[in-house]
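Report on the structure given below.
The values are calculated or read from the model by the stated rules, or taken from the named source; none is laboratory data. Values in this document were obtained by computation on a predicted structure and should not be read as measured data. Backbone-built Cβ (ideal geometry, glycine too); neighbour counts: all protein chains shown.
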Amino acid sequence: MDKLTCIAFIMYQSSENQIVKNLAIQLLKGDTTIKDLKKDAFAFSYITNAEITAKKQKINRLKVQQFAEEFLMIEV
């Protein structure tokens, strides 16, 4: 998994707040960037913590893959 997908997954899992979850999904889909989220006062702490966690902890790749598949699924 790439770094961005891991950060989006950690951010999604880190909060019960639906706004944070939506921001993580937007990040995953490419609708926003890490740079944009760092400019947002609300999202700054979530994105920063997710980046730190991604660097320091080993992330379960299967869970990250399932997260990506769930939100990147394309309906035909």
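Of all residues in region 32-62, those satisfying the criterion of being under 12 Å from the mean Cα position of the chain (by Cα) and in a loop (DSSP other than H, G, I, E, B) are Thr32, Thr33.
Report yes if Lys21 is touching a helix residue (DSSP H, G or I) at 6+ places or on another chain (Cβ under 9 Å) and at pLDDT below 95, otherwise no. Criteria not met by Lys21.
Per-residue answers, yes or no, for (1) modelled with pLDDT under 95; (2) of a type in the set (D, E, K, R):
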site	(1), (2)
Leu27	no, no
Thr33	no, no
Tyr46	no, no
Asn49	no, no
Lys58	yes, yes
Arg61	yes, yes
Phe71	yes, no
